[in-house]
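Visitor: Submitted below is the structure of interest, expressed as structure tokens.
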Amino acid sequence: MIPLNDPPSRQQSFSLGTEGEPIKGLYSVVRITFANPDTDYAVVHLIPADADEQADSIAAVGTLHNPEVGACYQIEGIWRQDPRYGRQVRITAAIPQIPTTLAAIERYLAGASIKGLGPHHARRVIEHFGERILDVLDEGGKRLREVPGIGPVRARQIRESWAEHQGIHELMANLQGMAQLTPIQAQRIFRELGHDAWQAITSNPYLLAERVRGFGFKTCDRIGRSIGLDELAPQRLQAGLLHTLTQALNDGHLWTSPEELLTQACELLEAPEELLTPQLEALIAQGRALRVALGNSSDPPEGIYLRGTAQAEERIARHLAEWLQAPPAEALRLSSRAADKQIMAVGPEGLTEPQRQAIGQLLCGRRLVVLTGGPGTGKTTTMHTLIRCLEAQEITYALCATTGRASKQLADTTGRPAATVHRHLGIGFDPDAQHVKPVRETVMIIDEASMIDLWLMDQIVERLAPDTHLFLVGDIDQLPPVGPGAPLQDLIALAETGSRAGLQVVRLDQIFRQEARDASLIVVNCHRVRDGQRPLAGPSENSDYYEMLRPTPQEARDLIVELASERLPRYLGVPPSEVQVLSPMHGGDAGVQALNVALQERLNPAASHKQELALGRRANGPRMVLRVGDKVRQIRNDYDKGVFNGDLGTVTTINRDKRSDALTVHVRFDELPVTYSLAELDDLVHAWAMTVHAAQGSQWPAVVIALLTSHYVMLERNILYTALSRARRLAVLVTQERAVRVAIQRSRSTTRRTGLTARMPRQDS
């Protein structure tokens, strides 16, 4: 329950209205009890704008845009009697106003988030300029240096912060009641578009979708309707076409055929194709979309790309083609006989021919070796043997993985240092870097390479030195990467479409340790699921795979919470954070959102000593409350902070600045502390439970998997395969028999529309 105000017995005396009586006037905010940035719902304490600081306050609840201590509003509302909190005002309208009295101006300047000001300096500027202070600030604040104690640095801070503060307020005033935008959205608009933001929005609201994070076509369309933009205006039609391409990109596809693009955009915009065709040509002429021939025939098919996507894929193709043709490093020119001798000298007994081939191909000079295979087929053993061969010949190498958890596991299993690809390549960790630094090592080994998307592949190939060799290890049967593209699939397809000097693909398909006593049902069942066979239920009490049937999603959710919070941590001797809950979908009673709420309540309940922050609803889900101790996941690459999509962390503190009332949330990702402002918190979601897609590239000692008929639209073979392969020691499937059968029967194609193989020129080996 939100503490709206002091209980009636402790309320200060004020001219309280009677139940249902209207109230209207100019009021200042003196305290903020609660404010939801997503809905603008707030609980505040107000005093008349012309009153002094000793005046009694009244509690008010309702919608206030960006409430700040000291902010001034023209308030309209109705008095009501709350049964628990006593007399308060229900706000029906609150319009931001510039204060006019000295007392209100001082409160406004002292409470507003103006860098360089605060109660002390607000009092000084008021004493010096009086009521003229707002004019002084509006005129650029050049006279601030007249005030004792305000030097050039503080004066500049005040001027710049005031300009942004006023710009955001002006933008909010223009947007108020028009498109239901939040203060955080207004802040992002202003910071991207500056003082011309309102003019830019009114001329083309769809510009926001391209330039301001967090804005999509639907929001821009709502703004467009509110300002009376014609539904067939070129701006809207072009934005709809770009949105359709963006949606395809979000689904992993790099291009869309012109026919499919026009069909989908027609449906979205409810506009005829004859109007959209010239707008598509206009986008291509402007360079905002690109038409690319996907092949070398006389009449190749065409794909429509977003400009940045096409440019990234073209860079990858160009760099790869040049790099693959370069001669091998001097140290990696062994003969086949010498390579075999080296492998036999350091490798374990029982290496298969494909394992020896993968290692030998690299030692004999292949620039790029792709090693793929399912769980238990010996990928890690192959990597370990390769490392020993490289060390025996004093060849430098880097050991990397695509996620933090995968790099930790890689370090544990090999006994060598390992890092994420981002960290090793310095992607996002050196904001002052002027040039991309090439890979220093002779061999770069990357595990969980099926997680490499278009953007990461672009960064990798840009950093490959002429004498660098690349060894990629991944499971091609898993789900494709969370981001767009499928580089690992593209490279395998490239090797299969014709001879390609420098590129070798090796598949491992023999399952090791499958003898009766040592058999891992996780491994066995991964391969059974891949081949369309039902998983085997564990007959032994020492099994590493169990199925637990529950008839309803609610019962499944309750069991999952019990397993993840108590039974499995106790059984395995691990903390609850090492038991990961997976579900195919976000929504539903056994979806990620509901599971996160239930798991947070069990594993990190509210307490008086824990700071927390209500963030409102996310994607039509339940209200999200961020609490110290919460397990969270980053959902967007942030190169400035050095955190990336999929990174897992823990909330350590939630702070509110006493002077500015600004909120900051501190999260620790492994050893990296990261600070978030309130506007940046939509980059975080709870991670007690996550989707199977989001879990790619990471493993845990135990996973609990929800797989129910209520997840029908997401039931498919590679979802179950990927979920099972995330478990190292124990996998528990909470399911229904029909759900398992449906998932096994469905083998949807995960092929993504990419153009890398078409862009790569053919060459002979």
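Visitor: State in Å² the accessible area per residue of segment 532-577; use a 1.4 Å probe, count heavy atoms of protein chains only, and round to the nearest integer.
Guide: Value for segment 532-577: 55 Å² per residue.
Visitor: A further question follows. What ranking do 253-264, 123-134 get when scored by the average of other Cβ atoms within 10 Å per residue, highest first?
Guide: Listed from highest to lowest mean packing, they are 253-264, 123-134.
Visitor: Of the chymotrypsin sites (Phe, Trp or Tyr not before Pro) in segment 303-405, which ones lie in a loop per DSSP and count no more than 14 other C-beta atoms within 10 Å?
Guide: On the way: sites: 305, 323, 397; in loops: none.
Passing both the DSSP loop test and the Cβ count: no residue.
Visitor: Using 1/(1 + (r/R0)^6) with R0 = 22 angstrom and r between the beta carbons of residue 548 and residue 738, what's the FRET efficiency to the nearest 0.05?
Guide: Efficiency, rounded to the nearest 0.05: 0.90.
Visitor: In debye, nearest 20: dipole of the chain around its Cα centre with unit charges on the Cβ of K, R (+) and D, E (-)?
Guide: Magnitude of the dipole: close to 1360 debye.
Visitor: According to a simple spin-label model (label point 7 Å from Cα along Cα-to-Cβ), what is the distance in nm between residue 81 and residue 307?
Guide: Roughly 6.5 nm, to one decimal.
Visitor: Using a probe radius of 1.4 Å on heavy atoms only, what accessible surface per residue do you get for segment 252-293? Whole Å² is fine.
Guide: 49
Visitor: Can you tell me the accessible area per residue over segment 361-435, all protein chains present, probe 1.4 angstrom, in square angstrom?
Guide: 38
Visitor: Need one number: nm distance between label points at residue 142 and residue 120, each 7 Å from Cα along Cα→Cβ, rounded to one decimal.
Guide: Placing both labels 7 Å beyond Cα along the Cβ direction yields 2.9 nm.
Visitor: Test of the criteria: in segment 233-312, which trypsin sites (Lys or Arg not before Pro) are in a DSSP loop and have at most 12 other Cβ atoms within 10 angstrom of their Cβ?
Guide: none
Visitor: Moving on to the next point. Considering only Cα-Cα distances, which of the following residue pairs are longer than 32 Å: 218/437; 24/610; 408/610; 142/437; 115/610?
Guide: Checking Cα-Cα distances, 218/437; 24/610; 142/437 exceed 32 Å.
Visitor: Run the quick spin-label model on residue 285 and residue 666: label points 7 Å from Cα toward the beta carbon, then report their separation in nm to one decimal.
Guide: 5.6
Visitor: Related question: Ignoring any ligand, DNA or RNA, what whole percent of the accessible area of the chain comes from carbon and sulfur when the probe is 1.4 angstrom?
Guide: In the chain, the share of accessible area belonging to carbon and sulfur is 48 percent.
Visitor: Let me ask something else about it. How big is the dipole moment of segment 182-228 about its Cα centre under a simple scheme where the beta carbon of each Lys and Arg is +1, that of each Asp and Glu is -1, and everything else is neutral? Debye, nearest 20, please.
Guide: 160
Visitor: P(r) for segment 535-657, please, calculated from all Cα pair distances in 10 Å bins and given in %.
Guide: Taking every Cα pair in segment 535-657, the percentages come to 11, 35, 36, 14, 4, 0.
Visitor: Quick one: how many Å² of residue 422 are accessible to a 1.4 Å probe, rounded to 10?
Guide: Rounded to the nearest 10, the figure is 20 Å².
The values are calculated or read from the model by the stated rules, or taken from the named source; none is laboratory data. Here the structure is a predicted model, which means the values were calculated and not measured. Virtual Cβ from ideal backbone geometry, glycine too; neighbours counted across all protein chains shown. Ligands, DNA and RNA are excluded from the accessible area calculation, which covers all protein heavy atoms including side chains. Shrake-Rupley method; radii C 1.70, N 1.55, O 1.52, S 1.80 Å.
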